[in-house]
1. Just one of (1) surrounded by 22 or more Cβ atoms within 10 Å (Cβ to Cβ); (2) farther than 23 Å from residue 206 by Cα trips up residue 112, so point out which.
2. Going by what's in this entry, would residue 3 be described as in contact with a helix residue (DSSP H, G or I) (Cβ under 9 Å, 6 or more places away or on another chain) and either under 18 Å from residue 185 (Cβ atoms) or modelled with pLDDT under 95 (or both)?
3. Out of all the residues in region 115-131, which are crowded, with 19+ Cβ neighbours inside 10 Å and part of a loop (DSSP other than H, G, I, E, B)?
4. Being over 17 Å from residue 190 (Cβ atoms) and either modelled with pLDDT under 95 or surrounded by 15 or more Cβ atoms within 10 Å (Cβ to Cβ) (or both) is the filter here, so list the residues in region 209-232 that pass it.
5. Considering only region 98-109, state which residues are exposed (fewer than 14 other Cβ atoms within 10 Å of the Cβ), in a helix (DSSP H, G or I) and modelled with pLDDT under 90.
């Protein structure tokens, strides 16, 4: 098992990659998004970015790249609680690095105005892509976060499934983004939401609370529910024994 310092670097790097690729697919291809291609482009970008990061880095850090996933694993006793806050801090730093790189690249396009751009930020009411209200945003973010964290737990429960786990989890995130993007611009990841909100400011910071509360609550519930629903898998966690071991996707 890698040292905590190395695992934190990996978590930060993986989160930066997911934020840069996922948000960048919308920010750097504004014309394609306006023409409708972004309906598929953004979900697939997030899903593929996560799958590649998990496949490459999962054996070093566990490939959470998301505070809700880390909370879910800790709640399910699959991750040491002592590493919870350091992991979340690393994910936040990584998300900010990814967003900063994206802002720098996007500024190279003539006419790009960061203050006038949504920059992949999440919102509801007037800032929902399709004007969905608060209750709808809360429901979709909570439900999709629960499903996403549950799938993460299920796919890492047995060593036999780890070879294709990154692709299943990436596909799950793609499906979630297909559903949630019209409602909230799809978060399911507080670190990704925080990075975008800090660059947009104003309304994005005012509404950021939902994109922490709903995903973290969904992850917490998934961590509580998984051991009850999948007790046999819990008894054979990873086939390796120690809770909190990185997921070896090789």
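The values are calculated or read from the model by the stated rules, or taken from the named source; none is laboratory data. As the structure is a prediction and not an experimental result, all values here were calculated from the model. Please note: Cβ atoms are built from the backbone with ideal geometry, for glycine as well, and neighbour counts cover all protein chains shown.
1. Condition not satisfied by residue 112: (1).
2. no
3. 119, 120, 121, 122, 123, 124, 128
4. Passing the criteria: 225, 226, 227, 228, 229, 230, 231, 232.
5. Hits for region 98-109: nothing passes.
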